[in-house]
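To start, the structure itself, in structure tokens.
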Amino acid sequence: DGVTSVNVNRLCSFSFESGLLGSKIPTKKLSLSVNGTRPTQPERISYSGFEPVKASSRSFDVVIVGAGVIGLTIARQFLTGSDLSVAVVDKAIPCSGATGAGQGYIWMVHKNPASETWELTKRSHQLWKMLAETIRDQGMDPLQVLGWKKTGSLLVGRTPEDSVMLRKRVSQLSEAGVRAEYLSTDELHSKEPAIYVGTDGGAAFAPDDCQLDAHQAVSYIEKVNRSFAPEGRYAEFYHEPVTGLVRSTSSGEFEAVQTSNNTLYGKAIVVAAGCWSRSLMHDLFKGSHIQLDALVMPRKGHLLVFENFNPLQLNHGSMEVGYVDYQNATFPLGLDDQSQTLSVSMTATIDMMGNLVLGSSRQFAGFSTEVDDSIVLHIWKRAGEFFPKLKEPSLTDFIKNRKVRVGLRPYMPDGKPVIGNVPGLSNLFLATGHEGGGLSMALGTAEMVVDMVLGNTTYVDSSPFAAEGRCC
């Protein structure tokens, strides 16, 4: 299929202004402190796959499998916060999976302060805002660099029961330190004239919520990472599927990632392969005594994009109350009929280019990324129930002008990502299962993974995300 290896010398030809390195994250020099570090020339090795180990090899301190927003931000955190060298390997390229198909909201309005993901999400949002501020301090525009803008967000409901829930959510958010207010129907209409929730509805409003553009943000992170290539600390290996792991018979640790073209040795290996992490780990551990089942599975989603859609202009990002239930729904393990579970809830934003982005659907449909026109129409009609102006264009105009994004969210049955080392292996780490919150939780996850690898105390309690007891 024309698989090629990234030429590291070519990467070294990139030159970027020092401003790209800006970060308010501490940049003190740190050292890797994982157990079982490999010698310069490895002892006898065993291979967990079926192909022979390739002769071509490179050595790094950290090898990251997965070039989505999670993998790339972990790489950035290592590069800017330590003196370690990093390699990122992926079977494709950034933004070809869930990251590129997302809506880009960095919102707290729909989050539950009592949930186990709250502190990680809150910390990550803080880090995104710090990054945007640093970019601005360096004379650059966060809108152009990250697609970053402060939109505020609305969680809207249409029934008396919804209004009760929204008032409670505002109280919870306020107590947790997030600025929020409840809006009656009239107050909502004054802030967002295009939205309709009837006479019994209302909204929770978080005025400080922001959004970004995934493609812009990932491009920026790539530039930061590549700026470390000239000093030999960073390399990318895109279009290189991982085919196995190399394991030392003396230490018992996995010490290298085998790709289609290279053997990449690393003192620490991080698997951040999104919804493919489960099948990847299963294949890599085949034939070994290690019993691990990372229960992450693909959860398919559709988004609609309308370029320069003048009939509807929004002042804020919006989503309906039902989105919270569908996002947080959990399912018993072993269900075979999850492919029949489909939910559609209204979300609406205007992106950095002025395009209207509507969502969203959730469905267990395996690894299929085919567009389902019936779901697309369902999303359009659902959005029309909240935005009457969407009912004005004809169906022909709708079909002609819309674009569809389809992505596979990495879903964990208990609703929490897996972040931490594989039980029994001190240098093999997982960072996956963020469902639709990959962008939202990326920087906090990166900080957590790097602290784990370096043996530091994590800023946020990492115990809820451990693989132990959840991946068996």
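Numbers below:
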read-out: Test: residue in region 116-137 that is within 30 Å of GLY201 (Cα to Cα), of a type in the set (Gly, Ala, Ser) and not assigned by the TED database to the domain that holds VAL404; value: no
read-out: Qualifying residue in region 323-330 (condition: at pLDDT below 90 and part of a loop (DSSP other than H, G, I, E, B)); value: yes
read-out: Subset of region 176-204 (residues that are in contact with a Leu (Cβ under 8 Å, 6 or more places away or on another chain), open to solvent by 10 Å² or more (accessible area, probe 1.4 Å) and assigned to a strand (DSSP E or B)); value: TYR182
read-out: Residue list for region 376-398, filter: under 12 Å from LEU312 (Cβ atoms) and either open to solvent by 70 Å² or more (accessible area, probe 1.4 Å) or of a type in the set (D, E, K, R) (or both); value: LYS389, LYS391, GLU392
read-out: Test set (1) without any contact (Cβ under 8 Å) to a residue 12 or more places away in the chain; (2) in a helix (DSSP H, G or I); (3) farther than 18 Å from VAL357 by Cβ - GLY469 fails condition number; value: (2)
read-out: Selected residue [outside any strand (DSSP E or B), in contact (Cβ under 8 Å) with a residue 24 or more places away in the chain and of a type outside the set (D, E, K, R)] from GLY407, GLY436; value: GLY436
read-out: Residue in region 288-295 that is among the aliphatic types (A, V, I, L, M), at pLDDT 95 or above, in contact with a helix residue (DSSP H, G or I) (Cβ under 8 Å, 6 or more places away or on another chain) and under 13 Å from VAL422 (Cβ atoms) present; value: no
read-out: Residue check, LEU425 surrounded by fewer than 22 Cβ atoms within 10 Å (Cβ to Cβ), not in a strand (DSSP E or B) and not charged (D, E, K, R); value: yes
read-out: Single condition SER318 does not satisfy, out of (1) touching a helix residue (DSSP H, G or I) at 6+ places or on another chain (Cβ under 9 Å); (2) hydroxyl-bearing (Ser, Thr, Tyr); (3) under 27 Å from GLY420 (Cα atoms); (4) buried (at least 23 other Cβ atoms within 10 Å of the Cβ); value: (3)
read-out: Lone unmet requirement of (1) part of a strand (DSSP E or B); (2) open to solvent by 10 Å² or more (accessible area, probe 1.4 Å); (3) outside the structural domain of VAL460 (by the TED database) for ASP61; value: (3)
read-out: Flag if VAL197 is in contact with a Pro (Cβ under 9 Å, 6 or more places away or on another chain) and not aromatic (Phe, Trp, Tyr); value: no
read-out: Selected residue [out of contact with any Cys (no Cβ under 7 Å at 6 or more places or on another chain) and closer than 18 Å to VAL296 by Cα] from PRO410, PRO423, PRO388, PRO393; value: PRO423
read-out: Unmet requirement for GLU116, which otherwise passes all of (1) closer than 20 Å to VAL357 by Cβ; (2) in contact with a Lys or Arg (Cβ under 8 Å, 6 or more places away or on another chain); (3) part of a loop (DSSP other than H, G, I, E, B); value: (1)
read-out: Sole exception among (1) open to solvent by less than 10 Å² (accessible area, probe 1.4 Å); (2) at pLDDT below 95 for LEU146, by number; value: (2)
read-out: Hits in region 342-371 (condition: open to solvent by 50 Å² or more (accessible area, probe 1.4 Å), in a loop (DSSP other than H, G, I, E, B) and not aliphatic (A, V, I, L, M)); value: THR369, GLU370
read-out: Residues satisfying the stated conditions in region 100-127, i.e. farther than 14 Å from ALA176 by Cα, open to solvent by less than 20 Å² (accessible area, probe 1.4 Å) and among the hydroxyl-bearing types (Ser, Thr, Tyr); value: SER124
read-out: So ARG169, is it out of contact with any Phe, Trp or Tyr (no Cβ under 6 Å at 6 or more places or on another chain), assigned to a loop (DSSP other than H, G, I, E, B), of a type in the set (D, E, K, R) and at pLDDT 95 or above; value: no
read-out: The listed residue being part of a loop (DSSP other than H, G, I, E, B) and open to solvent by less than 10 Å² (accessible area, probe 1.4 Å), out of ALA87, ALA67, ALA75, ALA92; value: ALA67
read-out: Any hit, region 23-38, residues being at pLDDT 95 or above, within 22 Å of SER227 (Cα to Cα) and not charged (D, E, K, R); value: no
read-out: Hits in region 76-117 - residues which are hydrophobic (A, V, I, L, M, F, W, C) and closer than 30 Å to PRO230 by Cβ; value: PHE78, LEU79, LEU84, VAL86, ALA87, VAL88, VAL89, ALA92, ILE93, CYS95
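The values are calculated or read from the model by the stated rules, or taken from the named source; none is laboratory data. Since we're looking at a predicted model, the values are computed, not measured. Note: ideal-geometry Cβ built from the backbone for every residue, glycine included; neighbour counts use all protein chains shown. Note: areas computed on protein heavy atoms with side chains; ligands, DNA, RNA excluded. Shrake-Rupley method; radii C 1.70, N 1.55, O 1.52, S 1.80 Å.
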